[in-house]
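Q: Got a structure for you, questions after.
Please treat every number below as a calculation from the coordinates, not as lab data. The structure displayed is predicted, hence computed values, not measured ones. Cβ coordinates were reconstructed from backbone atoms using ideal geometry, including for glycine residues, and neighbour counts include every protein chain displayed.
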Amino acid sequence: MNERSGTANAGRADLAALLPPVDVFEDANGITVYADLPGVAKEGLNLQIDAESLSIDAEIALALPGGMEASHAEIKLPRYRRVFTLSKELDSEGISAELRNGVLSLRIPKAAHAQPRRIEVEG
Amino acid sequence: MLVQSLFPRDLFSMLDRLQREMQQSADVYPSIRGLAPGTFPALNVGGTPHSVEIFAFAPGLEPSAFDVRIEKGVLTIAGERSRQLAPDSATVHIDERFAGRFRRVVSLPEDIDPDAVQARYRDGVLHISIKRRAANQPRRIDVT
């Protein structure tokens, strides 16, 4: 799984967005991704997965009180975006996702033919 | 301006002092690269005539994990975020998310009421709302 830096992807790629920090782990059966998306509710999350890429698009929705004026902002854009290129052995059909307390967890299994297999050595 | 829609900026705000203090420790210019290390949780601060509003972007915690205090006009948000452990035998490809103890401090304006504070944690954002005291009424002093 590689990160894609280009902006060729369709959709909202043209809008400026924050790059969310992620952890990516790989074990024998698949890849696990955790992404920090604070301020994003389920309705604001848009995951696009096809055979080649995984894109995370998320809108921040805060309950701002009426008439509020900001005096200091470290989160200055209202959305997150990050795109990864998937490799062939990953099963994009089998992806599961969960969003909890602003953390997105993704599990991408490896296709059956890519699962580890012990080869017996005869002799 | 995208920024304005989410968090409009008012340079003449009474909280300007706060902003200057925090600028010393954080790069506040918009960055597509997200946050500089050492600024977890990211803070947005704003105010209305009746309240001061603080948003701490601290995903992946439980409400009970926060230690929020107001003491002598200073708000402290502290806690610890545990490391997301990779399963044994897993390879770590990217490891960017913050882990460890955190502590952020905000100087509050003088007119806040430390007894009227609300703190809610939702979607990974801790929102602290502190009421301002009612404006001091003109008071007649009796001369005897």
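Q: For the stretch B:42-132, what does the relative contact order come out to in percent, with C-alpha contacts under 8 Å and a separation of six or more?
A: Computed over the stretch B:42-132, the figure is 35 percent.
Q: Moving to a separate point now. FRET efficiency for B:LYS72 and A:ARG107, Cβ-Cβ distance as r, R0 = 51 Å, nearest 0.05?
A: Efficiency, rounded to the nearest 0.05: 0.60.
Q: Hand me the trypsin sites (Lys or Arg not before Pro) from the stretch B:30-126 located in a DSSP loop with no more than 10 other Cβ atoms within 10 Å, in residue order please.
A: Sites meeting the loop and neighbour criteria: B:ARG33, B:LYS72.
Q: Right, next: Just checking the output field for A:51-61: average partner chain Cβ neighbours within 10 Å of each residue's Cβ?
A: 1
Q: Another one. May I ask you to sort B:HIS93, B:HIS50, A:HIS113, A:HIS72 by Cβ crowding, counting other Cβ atoms within 10 Å and putting the fewest first?
A: In increasing order of surrounding Cβ atoms, one gets A:HIS113, B:HIS50, B:HIS93, A:HIS72.
Q: Continuing with this model, one more query. Taking the Cα atoms of chain A, report the difference between the largest and smallest coordinate on each principal axis, in whole Å and largest first.
A: Computed over the Cα atoms, the extents are 79, 30, 22 Å.
Q: Hey, another quick one. With N residues in the stretch B:93-144, what two-decimal value do you get for its Cα radius of gyration over 2.2 N^0.38 Å?
A: Relative to the 2.2 N^0.38 Å estimate, the stretch B:93-144 comes out at 2.04.
Q: Below 8 Å between Cα atoms, with a sequence gap of 6+, how large is the relative contact order for chain A in percent?
A: Rounded, it is 31 percent for chain A.
Q: Can you list which of the GluC sites (Glu not before Pro) found in the stretch B:46-144 are DSSP loop residues with at most 11 other C-beta atoms within 10 Å?
A: B:GLU110
Q: While we're here: Label-point separation (nm) for B:GLU110 and B:SER82, each offset 7 Å from Cα along Cα-to-Cβ?
A: If labels sit at B:GLU110 and B:SER82, their model points lie 4.5 nm apart.
Q: Under the definition of partner shielding as Cβ atoms of other protein chains within 10 Å of a residue Cβ, what is the mean value for peptide B:86-98?
A: 6
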